[in-house]
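The numbers here are math on the coordinates, done by the rules we state, and not lab data. Predicted, not measured: the structure shown is a model, and the values here were computed from it. Neighbour counts are summed over all protein chains in view; Cβ atoms, including those assigned to glycine, are modelled from backbone coordinates with ideal geometry.
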Amino acid sequence: QVQVVESGGGLVQPGGSLRLSCAASGSIFLIYYMGWYRQAPGKQRELVAAIDTGGSTNYADSVKGRFTISRDSAQNTVYLQMNSLKPEDTAVYYCNVDLSRDATYQRESFWGQGTQVTVHS
């Protein structure tokens, strides 16, 4: 089985920073993609940032220049550094990992349980 665990959420004032971490563990052969999504109350889940196995990144327009995604491939871990936080960044942040569990290269997607980020003065 595969476990995806996020950490690092919390309460921060506008303009502040937080760093989220997501670690994938268990039966992992190859990770293709790791991404961060968020879901605010009453809204659909949306992509925040993603990084693929080659290190290419993708960001939502709303976070470009403020958030940075990075990856430690050896540790199967992805980070999201969030700076200049705004109240509209308030949401539950979820980690998504796209991987294969063996040499069949069958791709599967796993989600973490989510971590709350609240930006409020």
Subject >> Distance-filtered residues of segment 72-108 - backbone nitrogen under 20 Å, label point 7 angstrom along Lys43 Cα→Cβ >> reply: 80-96
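Can you tell me the order of 20-29, 103-112 when each peptide is scored by its average per-residue count of other Cβ atoms within 10 angstrom, highest first?
Values: 20-29: 16.6, 103-112: 12.1.
By packing density, highest mean first, the sequence is 20-29, 103-112.
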Original post:
What does a probe at Lys64 reach in segment 14-53, counting residues whose amide N is under 17 Å from the point 7 Å along Cα→Cβ?
Top reply: 47-51
**OP:** List the residues of segment 29-57 whose backbone N lies under 16 Å from a point placed 7 Å from the Cα of Thr104 along the Cα-to-Cβ direction.
**Re:** 29-30
**OP:** Can you tell me the FRET efficiency between Trp111 and Ser56 if r is taken as the Cβ-Cβ distance and R0 is 22 Å, rounded to the nearest 0.05?
**Re:** 0.55
Original post:
Looking at Thr57, Gly8, Pro41, which one has the Cα that reaches farthest to the positive end of the dipole of the chain (charges on Cβ: Lys, Arg +1; Asp, Glu -1)?
Top reply: Pro41
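Net charge near Leu99, counting Lys/Arg +1 and Asp/Glu -1 over other residues with Cβ under 14 Å of its Cβ? Write down the numbers at each step before the final one.
Numbers: positive: Arg71, Arg101, Arg107; negative: Asp52, Asp98, Asp102, Glu108.
Charge balance near Leu99 sits at -1.
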Original post:
Starting at 0 and stepping by 10 Å, how many percent of the alpha carbon pairs of segment 51-121 end up in each bin?
Top reply: 15, 46, 29, 9, 1
